Amino acid sequence: MPNEYQPLLTNENQMNNSNATDNPNLYQTHHPKNLLNFKTSFKNAYKSSSLNILLIFIPFGIFSAILGMNETTIFLCNFISIIPLAKLLGYATEELSLRTSETIGGLLNATFGNAVELIIGVMALKEGLIDVVKASIIGSLLSNLLLVLGLCFFLGGLNHKYQTFNTISSNTSASLLVMTIFMIVLPIAFNDEEKNISDKDDREIKFSRYTSIIMLIVYGLYLVFQLKTHSRYFKSTNNNSIFVHTNSMEYESLTTLSYSFAITLLIIITILISICAEYLVDSIDGISQNWNLSPTFVGLILLPIVGNLAENITAVTVALKNKMDLAIGVAIGSSMQIALMVIPFLVIVGWIINIDLTLVFSLFETVIVFVSVLIVNQLINDGKSNWLEGIMLISAYCIIAIAYYLL
């Protein structure tokens, strides 16, 4: 079953579990009587990723905030803590997905796939850091579309003259990203059109909230499209899938955590991410002053690293193995989910907690999203990639980062 950076659906007889963990030796056939217990599950979870060594920073991050240490220490410890937690969150979600139907598994991945971005966004909203929320959203989009996809194209292209991928699934996600342009460009045009009206701010808020509801509906219909009606079109062209029989013994052989342990792990990780994210957001103002960085730069460049680093490493790894469908899924699939699900969801959450988050971004943010989506759409249309295309995307990201640093 795929996670946030893979196609959410495969065809009826295929599931992709190659990204649940970066330790493929965990997936060994278990005798049906040798059920997974707590000890075995805990061992498998700990060995699932080399990033788990960074979990040692969790207590340091929490206690540094409780003891009122300087903002730099609080920010760095909690920043590093969330990276392995994000990896484990995807791993636990994947394990639960393997024990459910494809529909439920797809919904689980869709729900928890961008949980880190959602949690950080909600915490920033509670603190009233609207500019940071908007910057982190744009930053996640740009990081996936330009930096991650660029690294995949470049590093994969060094070993292969051309790499191919499934154009149907990638173009579907890319086409939905065009809706992002519509969602971001239209509000700023609406804002300009209504600039002389006294209740302009109220109209902007209502327009953003109603638009967000529609975007969430579109995202839900996309899940139906990929999970049910057109799932066969999302079959990988790179032989990346593991064939899974419906026989329970075969199915059980792919799982590495017990059902109860996976649920418990998911709950614990979500709580820990919420705690670390709250301390992380609280230290943004201090870190901005200490490092002479604008809160917008922190949100645009630094915060996306927290939620995306584990997935980014996976994307580059599979690109080096010429599994470009998975790599494309990381960059474009995740960006599409951020655009259609995370952004509207945060607007609705702001509505609930009486924080006026709108879809009216700055002109500069609107332009860079518009150009980035158009560039990516142009590069993936032919279903092939090479290292020069990767350089183009990476260069674009670096230029944007420099611009925000100087703002």
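State to the nearest 20 debye the size of the charge dipole of the range 45-186 about its Cα centre, where the only charges are +1 on K and R beta carbons and -1 on D and E beta carbons.
The calculated dipole for the range 45-186 is roughly 240 debye.
How far, in nm, would the chain grow between Leu54 and Ile391 when pulled straight, counting 0.36 nm per residue and subtracting the alpha carbon separation?
Extending this stretch completely gives an extra 118.3 nm.
For Tyr210 and Leu67, what does the FRET efficiency come to when R0 = 60 Å and r is the distance between their Cβ atoms, rounded to the nearest 0.05? Don't skip to the answer; put the middle values down first.
Working: r = 45 Å, r/R0 = 0.75.
Approximately 0.85, to the nearest 0.05.
For Lys126 and Asp382, what does the FRET efficiency come to when R0 = 60 Å and r is the distance between their Cβ atoms, rounded to the nearest 0.05? Could you put the intermediate results ahead of the total?
On the way: r = 45 Å, r/R0 = 0.74.
For R0 = 60 Å, the calculated efficiency reads 0.85.
For Val185 and Ile268, FRET efficiency with R0 = 56 Å and r from the beta-carbon atoms, rounded to 0.05?
E between Ile268 and Val185, to the nearest 0.05, is 0.85.
Can you give me the solvent accessible area of Leu146 with a 1.4 Å probe, rounded to the nearest 10 Å²?
Leu146 has an accessible surface of roughly 0 Å² with all protein chains in place.
At 0.36 nm per residue, and after removing the present C-alpha to C-alpha distance, how many nm does the segment from Arg203 to Ser260 gain when stretched out fully?
Fully extending the segment from Arg203 to Ser260 adds 15.8 nm.
Whenever you get a sec, line up Phe297, Phe112, Phe38 from highest to lowest accessible area (probe 1.4 Å, protein heavy atoms).
Phe38, Phe112, Phe297
State the percentage of accessible surface on the range 252-307 attributable to carbon and sulfur atoms; use a 1.4 Å probe and exclude ligands, DNA and RNA.
62
Could you tally the net charge around Ser41, taking each other residue with its Cβ under 12 Å from the Cβ of Ser41, Lys/Arg +1 and Asp/Glu -1? Intermediate results must be reported in sequence, preceding the final value.
On the way: positive: Lys39, Lys43, Lys47; negative: Glu95.
Residues close to Ser41 contribute a combined charge of +2.
Starting from the Cα of Leu221, step 7 Å along the direction of its Cβ; do the same at Val178; then give the gap between the two resulting points in nm.
Each label point is offset 7 Å from its Cα along the Cβ direction, giving 1.5 nm.
Over 19 Å between C-alpha atoms is what I'm after, so list which of Lys321/Lys384; Lys43/Lys323; Lys161/Lys323; Lys87/Lys134 land there.
In this structure, Lys43/Lys323; Lys87/Lys134 lie more than 19 Å apart at Cα.
Using the basic label-point model (7 angstrom from Cα toward the beta carbon), what is the Thr167 to Ile348 distance in nanometres?
Going by the 7 Å Cα→Cβ label model, 3.5 nm.
From the backbone phi of the range 343-354, what are the Karplus-calculated ³J(HN,Hα) couplings (6.51 cos²θ - 1.76 cosθ + 1.60, θ = phi - 60°) in whole Hz, Gly and Pro given as x?
Each residue's phi maps through the Karplus curve to give 4, x, 4, 5, 4, 5, 4, x, 4, 5, 9, 6 Hz.
With a 1.4 Å probe and all protein chains left in place, how much accessible area per residue does the range 274-331 have, in Å²?
Per residue, the range 274-331 has an accessible area of 32 Å².
The values are calculated or read from the model by the stated rules, or taken from the named source; none is laboratory data. The model shown is predicted, which means the values in this text are computed figures rather than measured ones. Note that each Cβ is placed from the backbone with ideal geometry, even for glycine, and that neighbours are counted across all protein chains shown. All accessible areas refer to the heavy atoms of the entire protein, side chains included, with ligands and DNA or RNA removed. Shrake-Rupley method; radii C 1.70, N 1.55, O 1.52, S 1.80 Å.
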